[in-house]
Protein chains: 2
Amino acid sequence: MARRLNLEDVGRRAGVSRSTVSRVVNGGHVSSETKRRVEAVIAETGYRPHAAARSLASNSTGVIGLVIPSAAGTLFDDPYFGRLILGISSATNEVDMTLALFLFGDGPDESSIISRVVTPGLVDGVIVTATTRGDPLIDHMGGTSMPFVVVGRPDSAGSTFCVDVDNRAGARAAALHLAGLGRTRPALITAPSNTSAGIDRRNGFLEGLAEAGLSVEDRIQEGDWSQESGRRAMARLLAEQPDSVFVSSDRMAVGALRAIGESGINCPRDISVVSFDGIVPPDLTTPRLTSVVQPVTEVGERAVRLLTSVISGASTTPEHVVFPTELAVRESCGSNAPAGPAA
Amino acid sequence: MARRLNLEDVGRRAGVSRSTVSRVVNGGHVSSETKRRVEAVIAETGYRPHAAARSLASNSTGVIGLVIPSAAGTLFDDPYFGRLILGISSATNEVDMTLALFLFGDGPDESSIISRVVTPGLVDGVIVTATTRGDPLIDHMGGTSMPFVVVGRPDSAGSTFCVDVDNRAGARAAALHLAGLGRTRPALITAPSNTSAGIDRRNGFLEGLAEAGLSVEDRIQEGDWSQESGRRAMARLLAEQPDSVFVSSDRMAVGALRAIGESGINCPRDISVVSFDGIVPPDLTTPRLTSVVQPVTEVGERAVRLLTSVISGASTTPEHVVFPTELAVRESCGSNAPAGPAA
DNA sequence: GCCTCCTATGGGAGCGCTCCCAACAATATG
DNA sequence: CATATTGTTGGGAGCGCTCCCATAGGAGGC
């Protein structure tokens, strides 16, 4: 097997120096005649610069890391992460960077992976997502010189770059919509209370309810993001005879809808359902889900752009990007309005 | 900002040379006294070796790439890829390597990503999956010196390393099971015919049917892996009044079950349903799905192990690993057997 | 016609590591 | 007591690139 070509080899073939080839590759100033000749040699030989050598010399790897802690089981069953990865991936492709994925299982390897993430010369920066309250990861990242942005709202939001959606306002809008339909016995299925999305959606919903003079009283159950947990939560809630329910994720709402169907109660006639995410294709459920739509893909893309700007040093003071949500009204809430915007 | 520490700095602090520190880090022979002293300095300074420098000098990056072409839309809605990534990720963590994800959108960036995948000094090897028949990617990879293994069955299986499940045998078993239940008007919902899984599952099913003296005649529809496509396919199929159906993926089977439910036909009484994958949690459907279970996570783990052995040079002659599947009998096939193994 | 300035190019230095060989000390062997 | 052997350590060379400065011409200004 022949030795890999390097800049010097290409230069020799084209009758120029290493430096000139480097300029052609990286877009420096080269006379057009020379450039043509070098490019011909590159095309002919299939030369590609060595990424590690480049990283070492330029002190930049062209790789960004995506860190998802506690990525066990259910995580990948929720289309949320798929969408997020898709958004992040398409943005990294666009800026010609490579995406490295750090998935933590639980278990002892966790700490070794954390330290791998901040290995110098591996990635230029990191996007951290799906952290829970009190997760030591973010503090740990903050203690290093590795640039990073958080997707979601970390505990100490002030000191980090983050991208999030307005969970609170979205949930509040759901409450107001339900109240506007004349529902008076609202129920709530929350997401885990150790996640910022879980907390914000719960608080936003309760806040909206309060504004409308309503309350969930004890019609509240916590789910774990899974469809099955939504079903179980709803089954328990039905004993309280709610006339409406806000489910903190699409996935759980699909389960809730099943529980409702199985109990013989009619949605939307007897109970209005509004969910959060807008990720599950509407036609997948009957009735079609009314939900607070969050722009997952955009969040991912934006996180990449923010990170690259942190890496380049263009952004230095912590910035908090918040995307608005949009209520897509469909049949499950029993609104007599025609099918909503995303119909 | 202080300059990053390097081996030399650590050595100076510990009163030894660069080489000795390197031996401590990489597990070479060092006297225990020296080792202790060096490790103390490392712990105290938080020194971590520079990945790019290491890659350059050792000609190995510790990164493996996962390439998923045509990764648009539906891809991530199917839990299959989540599971596969989970398996691959846990295996790379185990061998202390990093996972780089190459997702291709369609569009012009495709070719630039392909060439990025084979950039020297970026990854040590690549796992390629979700290719379609005639995909130029595999040929392209074969033309480079980049080690790679394919998940699935490529066109020219003979010349590459690959890991697959026995789609054909699994589908055949499904056919035989249906025939054994006394069903005589079987129908088939296939996966896309430009994928090896789609082809193998179709052929295996037809083969099993033939063995039992049965045929699908024109009770056959092609889906695109999505739940919605399964529903539409089933709706069309119902006009032919099949008494059983093999759906080539769980996801599509969920859709098929819905179409059946909506038509007022009773599953399993009037129609038996068997699917392929075993990925959707059984309790998610009513009746619970009988399916041919494929060990997705193991496939991912095995792909990593095979790849590392190709990278190290331990494996040189193309190898074709095939995992068996297992039929998990539940309620949707109407078998009067008690709930199956995975119940 | 001389000096300046700019453009195009070459080559040294160095990024931080691994690999290898040489050097040395301490011990074992004849 | 000389020599072989083992265990431990140091340092040179080199991985392939980028960055920067030096240099050589050619164009332009006076």
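The values are calculated or read from the model by the stated rules, or taken from the named source; none is laboratory data. Just so we're clear, the structure is a prediction, and the values are computed from it rather than from any experiment. Methodologically, a virtual Cβ is constructed for each residue, glycine included, from the backbone with ideal geometry; neighbour enumeration extends over all protein chains shown. Note: areas computed on protein heavy atoms with side chains; ligands, DNA, RNA excluded. Shrake-Rupley method; radii C 1.70, N 1.55, O 1.52, S 1.80 Å.
Give all pairs with beta carbons closer than 7 Å in which a residue from segment A:17-43 that is under 18 Å from A:Leu5 (Cα atoms) meets a residue that is open to solvent by 70 Å² or more (accessible area, probe 1.4 Å) and more than 8 Å from DNA strand D (Cβ to nearest atom); count only pairs at least 6 apart in sequence or on separate chains.
Here the result reads A:Arg23/A:His29; A:Val24/A:Lys35; A:Val24/A:Glu39; A:Val41/A:Arg13, each pair linking segment A:17-43 to a residue that is open to solvent by 70 Å² or more (accessible area, probe 1.4 Å) and more than 8 Å from DNA strand D (Cβ to nearest atom).
Counting just the residues of segment B:88-98 that are assigned to a helix (DSSP H, G or I) and at the interface with chain A (Cβ under 7 Å from one of its Cβ atoms), which one comes out nearest to B:Ser19 (Cα to Cα)? Step through it out loud before you land on a result.
Filtering segment B:88-98 for residues assigned to a helix (DSSP H, G or I) gives B:88-94.
Still in the running and at the interface with chain A (Cβ under 7 Å from one of its Cβ atoms): B:89-90, B:93.
Working: B:Ser89: 33, B:Ser90: 32, B:Asn93: 27 Å.
Applying the filter and picking the extreme gives B:Asn93.
Could you grab me the full set of residues in segment A:230-241 that are touching a residue at least 24 places away in the same chain (Cβ under 8 Å) and open to solvent by 10 Å² or more (accessible area, probe 1.4 Å)?
Taking segment A:230-241 as the starting set, the residues that turn out to be touching a residue at least 24 places away in the same chain (Cβ under 8 Å) are A:230-235, A:237-238, A:240-241.
Scanning segment A:230-241 gives A:Arg231, A:Arg232, A:Ala235, A:Leu238, A:Glu240, A:Gln241.
Answer yes or no as to whether B:Ile85 is under 22 Å from B:Arg153 (Cβ atoms), out of contact with any Gly (no Cβ under 9 Å at 6 or more places or on another chain) and assigned to a helix (DSSP H, G or I).
For B:Ile85, the condition - under 22 Å from B:Arg153 (Cβ atoms), out of contact with any Gly (no Cβ under 9 Å at 6 or more places or on another chain) and assigned to a helix (DSSP H, G or I) - is not met.
Of the numbered conditions (1) in contact with a helix residue (DSSP H, G or I) (Cβ under 7 Å, 6 or more places away or on another chain); (2) crowded, with 21+ Cβ neighbours inside 10 Å, A:Asp164 satisfies every one except a single condition; which is it?
A:Asp164 satisfies all of (1) in contact with a helix residue (DSSP H, G or I) (Cβ under 7 Å, 6 or more places away or on another chain); (2) crowded, with 21+ Cβ neighbours inside 10 Å except (1).
Determine, yes or no, whether A:Ala174 is open to solvent by 20 Å² or more (accessible area, probe 1.4 Å) and assigned to a helix (DSSP H, G or I).
For A:Ala174, the condition - open to solvent by 20 Å² or more (accessible area, probe 1.4 Å) and assigned to a helix (DSSP H, G or I) - is not met.
Just checking, does segment A:282-292 include any residue being more than 22 Å from B:Asp77 (Cβ to Cβ), free of Cβ contacts under 8 Å to residues at least 24 places away in the same chain and not aromatic (Phe, Trp, Tyr)?
There is no residue in segment A:282-292 that is more than 22 Å from B:Asp77 (Cβ to Cβ), free of Cβ contacts under 8 Å to residues at least 24 places away in the same chain and not aromatic (Phe, Trp, Tyr).
For segment B:243-325, which fully contained strands (runs of 3 or more DSSP E) count at least 1 residues that are within 24 Å of B:Arg219 (Cβ to Cβ) and more than 15 Å from the chain's Cα centre (by Cα)?
B:244-247, B:272-277, B:290-293
Specify which of the listed residues (A:Thr34, A:Thr20) is more than 14 Å from every other protein chain (Cβ to nearest Cβ), part of a helix (DSSP H, G or I) and within 12 Å of DNA strand D (Cβ to nearest atom).
From the options A:Thr34, A:Thr20, the qualifying one is A:Thr20.
Mind checking which residues of segment A:43-72 are part of a helix (DSSP H, G or I) and at the interface with chain B (Cβ under 7 Å from one of its Cβ atoms)? Talk me through it step by step, then tell me what you get.
First, the residues of segment A:43-72 that are part of a helix (DSSP H, G or I): A:43-45, A:51-58.
Result: A:Ala51, A:Ala52, A:Ala53, A:Ser55, A:Leu56.
Name the residues in segment B:321-343 that are modelled with pLDDT under 95 and either open to solvent by 40 Å² or more (accessible area, probe 1.4 Å) or acidic (Asp, Glu) (or both), would you?
B:Glu331, B:Asn336, B:Ala337, B:Pro338, B:Ala339, B:Pro341, B:Ala342, B:Ala343 - these are the residues of segment B:321-343 that are modelled with pLDDT under 95 and either open to solvent by 40 Å² or more (accessible area, probe 1.4 Å) or acidic (Asp, Glu) (or both).
Which one is nearest to the chain's Cα centre (by Cα), of the residues in segment B:132-154 that are in contact (Cβ under 8 Å) with a residue 40 or more places away in the chain and under 17 Å from B:Asp200 (Cβ atoms)?
Filtering first and then ranking leaves B:Val151.
Checking the condition of a type in the set (Ser, Thr, Tyr) and closer than 26 Å to B:Glu326 by Cα, which residue from B:Thr190, B:Thr119 passes?
On the way: B:Thr119 fails: closer than 26 Å to B:Glu326 by Cα.
After applying the criteria, what remains is B:Thr190.
I need a count of the residues in segment B:46-61 that are crowded, with 19+ Cβ neighbours inside 10 Å and within 8 Å of DNA strand D (Cβ to nearest atom).
Of the residues in that region, 1 qualify.
Would you call B:Leu5 within 10 Å of DNA strand C (Cβ to nearest atom) and either modelled with pLDDT under 95 or open to solvent by less than 30 Å² (accessible area, probe 1.4 Å) (or both)?
Numbers: within 10 Å of DNA strand C (Cβ to nearest atom): yes; either modelled with pLDDT under 95 or open to solvent by less than 30 Å² (accessible area, probe 1.4 Å) (or both): yes.
So B:Leu5 passes the test.
Count, please, the residues in segment B:201-229 that happen to be open to solvent by 50 Å² or more (accessible area, probe 1.4 Å), part of a helix (DSSP H, G or I) and of a type in the set (A, V, I, L, M, F, W, C).
Residues that pass the stated criteria total 2.
Can you tell me which residue among A:Asp78, A:Asp96 is among the acidic types (Asp, Glu), more than 11 Å from DNA strand D (Cβ to nearest atom) and either crowded, with 21+ Cβ neighbours inside 10 Å or without any contact (Cβ under 8 Å) to a residue 12 or more places away in the chain (or both)?
Just one listed residue meets the conditions, A:Asp78.
In segment A:272-288, what count of residues is obtained for those that are more than 14 Å from every other protein chain (Cβ to nearest Cβ) and modelled with pLDDT under 95? Please lay out each step first, then the result.
The first filter runs over segment A:272-288 and keeps only residues more than 14 Å from every other protein chain (Cβ to nearest Cβ), leaving A:272-276.
So of that shortlist, the ones also modelled with pLDDT under 95 come out as none.
Here the count works out to 0.
For segment B:177-198, enumerate the residues that are within 22 Å of the chain's Cα centre (by Cα) and open to solvent by less than 30 Å² (accessible area, probe 1.4 Å).
Across segment B:177-198, the qualifying residues are B:Ile189, B:Thr190, B:Ala191, B:Pro192, B:Thr195, B:Ser196, B:Ala197, B:Gly198.
Among the residues of segment B:12-45, count how many are surrounded by 15 or more Cβ atoms within 10 Å (Cβ to Cβ) and within 9 Å of DNA strand C (Cβ to nearest atom).
4
Confirm whether B:Ser309 is of a type outside the set (Val, Ile, Thr), at pLDDT below 95 and either out of contact with any Phe, Trp or Tyr (no Cβ under 6 Å at 6 or more places or on another chain) or closer than 20 Å to B:Ile64 by Cβ (or both). Quick ask: steps written out before the conclusion?
Details: of a type outside the set (Val, Ile, Thr): yes; at pLDDT below 95: no; either out of contact with any Phe, Trp or Tyr (no Cβ under 6 Å at 6 or more places or on another chain) or closer than 20 Å to B:Ile64 by Cβ (or both): yes.
Answer is no for this residue.
Does segment B:103-110 contain at least one residue that is at the interface with chain A (Cβ under 9 Å from one of its Cβ atoms), more than 16 Å from DNA strand D (Cβ to nearest atom), assigned to a strand (DSSP E or B) and within 18 Å of the chain's Cα centre (by Cα)?
yes
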